[in-house]
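The values are calculated or read from the model by the stated rules, or taken from the named source; none is laboratory data. As the structure is a computational prediction, the values presented were derived from the model and not from experiment. Neighbour counts run over all protein chains shown; Cβ positions are idealised from the backbone, glycine included.
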Amino acid sequence: MAPTVSMEQLIYDCRLMNEAAARGFNLKLRDLLADSDSRLDVQAYVLRPDVVLDISKELVKAEGHYARSVAAARLTIDRMKKAAAEGKVSIPEREKDWLDTMEAQLDTLPQEEEKFIEEMVKECESEKFAPAKYDL
């Protein structure tokens, strides 16, 4: 299920959250909004405040943007697999294979950011991509 956003939904949610905050229920409402979808949608699950905080605690241990990006992907895939195994989130069987595919692709990434950039520049050089514009 893909996330759907419309201005009407955003306005309603903002008003509802403002009212909850005024009454001291903002954290309860936040948790209810997150929990209502987190069992049904893996995207909603990994965006739960508790999951984000758990991942963040490990993520800050990595140094540099590239290392953090790779770590974020690994940690997120790991959390999705564990949550599915524990019945905390429902992932259709056909989509579970994608977790393994993404994990395997992460294993092929170079350790060094410079090597990754070099590989991507070679792969993407064309009329549409000008490396010099990005100081590469």
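What to note about this one:
- Matching option when the condition is outside any helix (DSSP H, G or I), within 28 Å of residue 27 (Cβ to Cβ), touching a residue at least 12 places away in the same chain (Cβ under 8 Å) and not acidic (Asp, Glu), among 61, 88: 88
- Flag for residue 117 being closer than 30 Å to residue 133 by Cβ and either in a helix (DSSP H, G or I) or touching a strand residue (DSSP E or B) at 6+ places or on another chain (Cβ under 8 Å) (or both): yes
- Residues in the stretch 35-51 that are of a type in the set (A, V, I, L, M), free of Cβ contacts under 8 Å to residues at least 40 places away in the same chain and assigned to a loop (DSSP other than H, G, I, E, B): 1 in all.
- When we screen 109, 32 for residues that are more than 30 Å from residue 136 (Cα to Cα) and either assigned to a helix (DSSP H, G or I) or without any contact (Cβ under 8 Å) to a residue 40 or more places away in the chain (or both), the only hit is 32.
- Identity of the residue in the stretch 68-99, touching a helix residue (DSSP H, G or I) at 6+ places or on another chain (Cβ under 9 Å) and acidic (Asp, Glu), that ends up surrounded by the most Cβ atoms within 10 Å (Cβ to Cβ): 78
- For the residues 28, 88, the requirement of being at pLDDT 90 or above and not hydrophobic (A, V, I, L, M, F, W, C) singles out 88.
- Considering 94, 79, the condition of being within 15 Å of the chain's Cα centre (by Cα), in the same structural domain as residue 52 (by TED's automatic domain parsing) and assigned to a helix (DSSP H, G or I) is satisfied by 79 alone.
- In the stretch 42-62, the residues that are surrounded by fewer than 16 Cβ atoms within 10 Å (Cβ to Cβ) and either closer than 24 Å to residue 95 by Cα or touching a Gly at 6+ places or on another chain (Cβ under 7 Å) (or both): 43, 47, 49, 50, 52, 54
- Residue count for the stretch 1-29, restricted to those that are in contact (Cβ under 8 Å) with a residue 12 or more places away in the chain and of a type in the set (D, E, K, R): 1.
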